1. Can you list residues from other chains, or at least 5 along the same chain, whose modelled amide H is less than 5 Å from the amide H of B:Asp406?
2. In debye, nearest 20: dipole of segment A:201-277 around its Cα centre with unit charges on the Cβ of K, R (+) and D, E (-)?
3. Quick one: length gained pulling B:Asp268 to B:Asp497 fully straight, 0.36 nm per residue minus the C-alpha distance?
4. Please give the average number of partner chain Cβ atoms lying within 10 Å of the Cβ of each residue in A:140-153, rounded to a whole number.
5. Take peptides A:299-310, B:186-197 and line them up by average Cβ neighbours within 10 Å, highest first, as a rough protection proxy.
6. How well do other chains shield peptide A:49-56, expressed as the mean number of their Cβ atoms within 10 Å of each residue Cβ?
7. Using a 1.4 Å probe, what is the accessible area per residue for chain B, in Å²?
8. Given A:Gly220, A:Ser252, A:Thr241, which one lies farthest toward the positive end of the charge dipole of segment A:177-259, if we put +1 on the Cβ of every Lys and Arg and -1 on the Cβ of every Asp and Glu?
Amino acid sequence: MLVYILKRVLATIPVMLIVAVFVFLLLRLTPGDPAAILAGDAATPAQLERIRDRLGLNDPLLTQFFTWMGQLLRGDLGVSLLSNTSVAGMLGDRLGPTLNIALMTITISVLLAVPMGVIAAWRHRTWVDFLVMSFSVLGFSVPVFVIGYILIQIFAIELRWVPVQGYKAPSEGFGAFFSRAILPSLTLATIYVALIARMTRASMLEVLGEDYIRTARAKGVRENVVLFRHALRNAAVPILTIIGTGFALLISGVVVTESVFNIPGIGRLTVDAILARDYPVIQAMILLTAGIYVFVNLLVDVSYSFFDPRIRY
Amino acid sequence: MLPLRSALKQTRGLAAAFAATTALLAPASLAAQEGETTITAVMHSGLRVLDPVITTAHITRNHGYMIYDVLTAVDANFEPQPQMASWEISEDGLTYTFTLRDGLKFHDGAPVTGEDVVASLKRWGERDSGGQLIFDVTESLEATDDKTVVWTLTEAFAPLLTVISKQSAVPPFIMPKRVAETSPDETITEYIGSGPFVFNQDEYEPGVNVTYEKFDDYVPRDEEASWMAGGKVVNVDRVVWTTMPDALTAINALSAGEIDYLEQVQIDLLPILESSPDVTVETRDELGYVTIGRPNHLHPPFDNKLVRQAAMAALDQESMLQTMQGDPAYYNVCGAIFGCATPLGDEAESEIVTGGADIEKAKALLEEAGYDGTPITLMAPTDVTTLINQPVVAAQALREAGFEVDMQSMDWQSVVQRRAQQSPVSEGGWNLFFTNWMVPEISDPLINVMVNGRGDDAWFGWPDDPEIEELRKKFMKAEGAEAQKAVAVEIQKHVMDNVNYIMMGEYLIPQARRNAIQNMIPSPVPVFWNMTKEAE
């Protein structure tokens, strides 16, 4: 197992390298000029040229690339062209909100969706199943910002239980954090509940038809044990995959939800950086996202063997 | 029936528990703010660049007015007034002597000296187009003692005070000498001013939040505040600027009392706020903005004056403004290139843009010009709300007049990069784009970059127009308001004939505040002095 993990970690190095080269080239080929954003509308071409020189944007592409790689190898993500602040610091500030909301969303989603999927499969073709599937279709179909606005209207404006917007870190008090994080998490959870519930139901239906389930029932094993110990554990692999991918998606940025609830997260940082062509920030963001995907996939793969002992590395 | 009732009962129980939990926990977040007055404002954009001299971005200029002070500033009558310094002008108009007032201190406690002023003005002079004009005729600028700065010119420059008092597109903010010695092509890294607020470095999150604290040692002038002049009396402890990318969220937050002030409100969302009893919607910047079209004078077909005139005849201010703003209360048909409510503004010979589209005239002009159907590349930004509509309306009008129009959609960054290309359209160039300015940024021939006629050194579009350059020189020498106005009218007529750019009218952006916020002074730049906050 350890050898396998080590191999996988080593395999990420070429992946990250390819991502780095690709991102670097893609950004330089996209039209746009960070110097023009920095200097504003009234700058003359000569002034822009001097600013570009200072920022190193006039250096040959290879020089720029190797300077950046050199920084990366020293663990330095560089400095934002616009705000002159460290990119690592900016990522650190923004990762907290995104990570906390993602964790809360995935927790809510799993707690709701897995039982929903199991019950829907257990009561296949009854009104319970129909209800779960209807919710699932609704969760998929309604755009996330609409759900966000509806939740804000009901819980923040009409009932005034929670604030309309904003984010506070858990360190500033759990109540302050929770009251602000609950609506965005519920909003995002709608999609994931739909997704995970469907996957759980489909996977469970397949397993519930297996011989060993019939055997377990024939032996008089209680139904909840049949469902949750025998069936769910065997149905877990595809469900875990969905949860893993969902979590990575949540971290790599949910721009619309972050905008609607005014959460200073990774998604907004990325979009703002792209609009301003703030190269060091965009490059760092994409590397981080790629890294998160690789890590979450590894975690999911490793967890398979925990649920399904037949899988050995 | 029974299960439903019990389910409802359970839901109610859950809801009550949830409400109780959040209610119990909520005060924790408010405790930090107790005892001090904080104004939370949602500004039009996030603050990312902290150097108000390197950039012309409005949000950075607004930041500049929070933490820095200026030597002189214009009041609501467009008159320069003393702020940090009073002045004397020699009889020949060649020597300006500035004397700093008592009690001026930087946020680190050091006194403001003449050396700081000289270094700050020199750095500003390298970046600002008006500043460059003054330094072109500067013999020396020196501090003769701690409180005195003497500026000696080689020839008279009548509008000197107006230029150094300007409130937009790079005002000369005074910084400590060590900071002002930073190259004008590099951003500063220390943010210390002598203004009424102190920048809180620890709480700064670029693009998200910025916090200012009252500078207790700031000594305001005795006069009443008027625009950027007069006493900057701070009545609150903290001001927090925050960014909200979603307009509806900002409006909901204001209605719920989570924020105090919204700098700009989208016109189509106004009805939501107008029904809120705790909120006042008003226009504090009565000068507003202008929207303009800029043709590229280097390449066909707009290298031909007749074709530029045809385009101007085809466009209709009213329909463009109507599409942009909707509500006529928030726009103004205006043909004055220096703005309709400014001292130099005059609508002479502007019927061609204010009198509605004249398609027949446009067609006749195109025929006279021998227009051969060369398509016009019109750049259309899709990500800036206030610039989305103009290209669409213009394309339709120009096509009706017989132009071939190739409207290309792109993000604003692509427009910004492409408009700097002097090459022909076939090699990545362009013919026409639209943009907006604040009226104070175009209100004067020395400040308005679009009336610069120095060819390659002019603003994007590069008109090579010796005649307008002569007029601008004449303006620099004109003494007294009347003489300056006369030259400004000549420039107005010239632009209407030569179509250096196309004035498409003025528009206003309303703001909204909680009723607890009082005593905000009207000003083109949102300022946070003078205002008070009552308990709600």
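The values are calculated or read from the model by the stated rules, or taken from the named source; none is laboratory data. These numbers come from a predicted model, not from an experiment. Ideal geometry is used to build each Cβ from the backbone, glycine not excepted, and the neighbour counts take in all protein chains shown. Heavy atoms of the whole protein, side chains included, go into the accessibility calculation; ligands, DNA and RNA do not. Shrake-Rupley method; radii C 1.70, N 1.55, O 1.52, S 1.80 Å.
1. It is B:Ile376, B:Thr377, B:Leu378, by chain and number.
2. Taking the Cα centre of segment A:201-277 as origin, the dipole is about 300 debye.
3. On the way: separation 229, 0.36 × 229 = 82.44 nm, distance 3.62 nm.
That pair, B:Asp268 and B:Asp497, stretches by 78.8 nm at full extension.
4. 1
5. B:186-197, A:299-310
6. 3
7. It amounts to 38 Å² per residue over chain B.
8. A:Gly220
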